[in-house]
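One structure below.
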């Protein structure tokens, strides 16, 4: 995967202390990862990068909206997202990103690329089950919802009861006696 230059932070030239970075994400960012779940995206990521003498602390805060399709009706809607991540970067003998909260980079490195962390931050901020707000409050008019209601269990039982020949009711009474 190609690294996006705007998400590479050259920390070698930064002074000790806190530094602020802001990123505006749209569909082009997610297309880079071949992630096609979002119809559109408008997400802002604020990064507080604190450089210390032996390590670095990164605090990511993402907020915005992504347009996704409802899992029930397939109707598109804007899903608000908000998520945060805290990451510690230390120096070691070799690269190691096994721990999700700790990144170890080799001594002598002078920059770090954070695009994967931002991608995961946003994607994991979207609920696993995406339900259109109109479905939850009953205001969404959709052909799919009408079909679901038509084929629901309640309607199935009503239809089955209506289809029974009334002559069989006498036999049901024999079982009850």
Of the candidates 3, 44, the one satisfying the condition of being closer than 15 Å to residue 117 by Cα and in contact (Cβ under 8 Å) with a residue 60 or more places away in the chain is 3
Select, from 73, 65, the only residue that is in the same structural domain as residue 106 (by TED's automatic domain parsing), within 15 Å of the chain's Cα centre (by Cα) and either crowded, with 18+ Cβ neighbours inside 10 Å or not in a helix (DSSP H, G or I) (or both).
65
Screening 114, 104 for residues that are under 21 Å from residue 3 (Cα atoms), surrounded by 14 or more Cβ atoms within 10 Å (Cβ to Cβ), over 14 Å from the mean Cα position of the chain (by Cα) and touching a residue at least 40 places away in the same chain (Cβ under 8 Å) leaves only 114
Among (1) at pLDDT 70 or above; (2) under 27 Å from residue 42 (Cβ atoms); (3) not in a helix (DSSP H, G or I), where does residue 141 come up short?
(1)
Criterion first (modelled with pLDDT of 70 or more, within 20 Å of residue 38 (Cβ to Cβ) and in a loop (DSSP other than H, G, I, E, B)) does residue 85 satisfy it?
no
Tally the residues that are more than 18 Å from residue 62 (Cα to Cα) and touching a helix residue (DSSP H, G or I) at 6+ places or on another chain (Cβ under 8 Å), restricting the search to region 3-31.
2
More than 19 Å from residue 9 (Cβ to Cβ), under 14 Å from the mean Cα position of the chain (by Cα), surrounded by 15 or more Cβ atoms within 10 Å (Cβ to Cβ) and free of Cβ contacts under 8 Å to residues at least 40 places away in the same chain - does that describe any residue in region 125-136?
no
Those residues of region 106-138 which are more than 16 Å from residue 49 (Cα to Cα) and part of a strand (DSSP E or B), in sequence order:
106
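Residues in region 1-52 that are in a helix (DSSP H, G or I) and exposed (fewer than 14 other Cβ atoms within 10 Å of the Cβ): how many?
Filtering region 1-52 down to residues in a helix (DSSP H, G or I) leaves 5-7, 11-13, 27-32.
Those still in the list that are exposed (fewer than 14 other Cβ atoms within 10 Å of the Cβ) too: 5-6, 12-13, 28, 31.
Matching residues across region 1-52 total 6.
Of the residues that make up region 53-61, is at least one assigned by TED's automatic domain parsing to the domain that holds residue 107, over 26 Å from residue 101 (Cβ atoms) and assigned to a loop (DSSP other than H, G, I, E, B)?
Within region 53-61, none of the residues are assigned by TED's automatic domain parsing to the domain that holds residue 107, over 26 Å from residue 101 (Cβ atoms) and assigned to a loop (DSSP other than H, G, I, E, B).
The values are calculated or read from the model by the stated rules, or taken from the named source; none is laboratory data. Everything numeric in this text was worked out from a predicted model, so none of it was measured. Here the Cβ is made from the backbone with ideal geometry for all residues, glycine too, and neighbour counts use every protein chain on show.
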